[in-house]
Amino acid sequence: MTALVWFRRDLRLADNPALAAACAEHGHILPVYVHEPDEEGAWAPGAASRWWLHHSLAALSAALKQQGGGLHIRTGGTLDNLVTACRAAGATAVYWNRCYEPALIERDKHIKAALREQGIEAKSFNAALWVEPWQVATQQDGPYRVFTPFWRSVRPRLEPQEPIPMPAMRFAKAKHGVTLKSLELLPRIHWDKGLRETWTPGEQGALEALELFADDALNGYARLRDLPARHGTSRLSPHLHFGEISPRQIHHILHRQTQGLAAKRRPDLEPFLRELGWREFAHHLLFHFPQTPTDNFNPGFANFRWAKPDEALLERWRHGRTGIPLVDAGMRELWHTGWMHNRVRMVVASFLTKNLRQHWHEGAKWFWDTLVDADLANNTLGWQWVAGCGADAAPYFRVFNPVSQAQKFDPQGGYLRRWLPELKDAPLPLLHEPWKDGSLLSRSGYPAPMVDLAQSRRDALGAYQAMRGRD
């Protein structure tokens, strides 16, 4: 018997429950990827995500070829393509790992029912999360809205389980597929040089990134993760989003590696596991509150007085020309590498939503298009958290000061000098506040601040008080 293994955002061979089950229960498998971004609704992959997807699919195809098979790629309506591929290969079943975005949940429910109606077995699995969003609930049997009690419920369930090994595979033959190149995922204008220099998409790249993190940054993670000039974070987020590695693999490998060390040299995994817990929380929220990619989690913010959208202002923010060094450095890092340090993400988001008072939708859309780790659950949680309108959100009156944040977390200016070459020779006090020397701005060509930080903060707090007065 033959089964289709429908790959989606689980682009790996090890610890892949759908692949393992299909190989265990069927004599032959046909690995299939169906490209139909329109089925993702308003959240089809952005440009940076498409770049990553191309290279991740290429890596998966190469890995399958090493095992004697290949990846069968099709385009168009997913259900029709799965049925056609089943008929052509003589397959009696389709196996896949679940996605959790609202549009895909509804699509997958329809596909599962339609396949079964046609006599094709359909089985789905969890390959992306420690716990399914419906497996944890409050004492009132409702979804969690605050991270700490959510994590308190989830953490005791997590054991460093042995990942599922890559199974032995025997492949069915397929016809009428398309080439990866024909999907046109790569940019026609070659803006991706920085991405190519920064990342290695694919399962092997994910394992190498985890190894680098374990060797270099895990020890001291809690202390160093907020310093953007250092390699102090895992940078596993795009690998996790595309399923090139699983949370179970990460937990198992790091636990095994740290257990071999003497107690006094053993890094504490808890701060890092807690950060992965925020990813779980984001998916929990998106599942239970599917309207939040567009609607405020806190409905009171429907009355908030955002500033009128200003395209010229937004362009300066997008391309790192605000005149505020930490904001500009972060936005230029994003444009060049498709990624931004998490501490800096909070600062640039706070500047947009509070100092500029532009709607968080504008930031979420830009991140969606430019981040290689663009993930609907994480993107929604992050922007609503900073804007003050989300679940477990930072209070709106918490406005990140980009000057004091840079002074605290980039005190020597290594991050700013890397991404702001026009200020690379500025002395330290002025590097954080270059507007204090007009001649420095003239010589360097660095722009003056587009807003006064103190006044714009007062304006934001005034808008917040006005909103509360209208409640």
Of the residues in the range 19-41, those that are surrounded by fewer than 24 Cβ atoms within 10 Å (Cβ to Cβ), of a type outside the set (Asp, Glu) and either under 25 Å from SER182 (Cβ atoms) or free of Cβ contacts under 8 Å to residues at least 12 places away in the same chain (or both) number 5
Name every residue in the range 292-338 that is under 27 Å from ALA466 (Cα atoms), surrounded by fewer than 16 Cβ atoms within 10 Å (Cβ to Cβ) and without any contact (Cβ under 8 Å) to a residue 60 or more places away in the chain, in order of residue number. ASP295, PRO299, ALA302, ALA307, LYS308, PRO309, ASP310, GLU311, ALA312
With the condition kept exactly as written, say whether any residue in the range 373-383 is out of contact with any His (no Cβ under 6 Å at 6 or more places or on another chain), among the β-branched types (Val, Ile, Thr) and either assigned to a helix (DSSP H, G or I) or modelled with pLDDT of 95 or more (or both). yes
Residues located in the range 353-368, provided they are touching a helix residue (DSSP H, G or I) at 6+ places or on another chain (Cβ under 7 Å) and over 22 Å from THR233 (Cβ atoms): THR353, LYS354, ASN355, LEU356, ARG357, GLN358, TRP360, GLU362
Please go through the range 415-454 and pick out each residue that is polar (S, T, N, Q) and touching a helix residue (DSSP H, G or I) at 6+ places or on another chain (Cβ under 9 Å). SER444
Expected output for the range 138-151 (first residue at pLDDT 95 or above, partner assigned to a helix (DSSP H, G or I) and of a type in the set (Ser, Thr, Tyr), Cβ below 8 Å, 6+ apart or cross-chain) is TYR144/SER153
Under 6 Å between Cβ atoms, at least 6 apart or on separate chains: pull out the pairs that start in the range 1-13 with a residue that is more than 20 Å from VAL83 (Cα to Cα) and end on any residue that is modelled with pLDDT of 95 or more and not in a loop (DSSP other than H, G, I, E, B). ASP10/ASN97; LEU11/SER56; LEU11/LEU60; ARG12/GLU203; LEU13/ALA63
Restricting to the range 290-322, give me the number of residues that are in a helix (DSSP H, G or I) and not aromatic (Phe, Trp, Tyr). 11
Return the pairs, sorted by first residue and then second, in which the second residue is assigned to a loop (DSSP other than H, G, I, E, B) and of a type in the set (Asp, Glu), the first residue lies in the range 51-79 and is closer than 22 Å to GLU40 by Cα and not assigned by TED's automatic domain parsing to the domain that holds GLY41, the beta carbons are less than 6 Å apart, and the residues are 6+ apart or on different chains. none
Looking at THR92, is it of a type in the set (S, T, N, Q) and not in a helix (DSSP H, G or I)? yes
Candidates LEU261, LEU254 - the one that is of a type in the set (A, V, I, L, M, F, W, C) and either outside any helix (DSSP H, G or I) or modelled with pLDDT of 95 or more (or both): LEU261
Across (1) under 23 Å from LYS365 (Cα atoms); (2) in contact with a Pro (Cβ under 7 Å, 6 or more places away or on another chain); (3) surrounded by fewer than 22 Cβ atoms within 10 Å (Cβ to Cβ), PHE409 clears everything bar (1)
Hey, does the range 323-340 have a residue that's among the hydroxyl-bearing types (Ser, Thr, Tyr) and outside any loop (DSSP other than H, G, I, E, B)? yes
Restricting to the range 38-57, what's the tally of residues that are under 26 Å from LEU207 (Cβ atoms) and not in a helix (DSSP H, G or I)? 2
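The values are calculated or read from the model by the stated rules, or taken from the named source; none is laboratory data. As the structure is a prediction and not an experimental result, all values here were calculated from the model. Because the Cβ atoms are built from the backbone with ideal geometry, glycine has one as well, and the counts that use them run over all protein chains shown.
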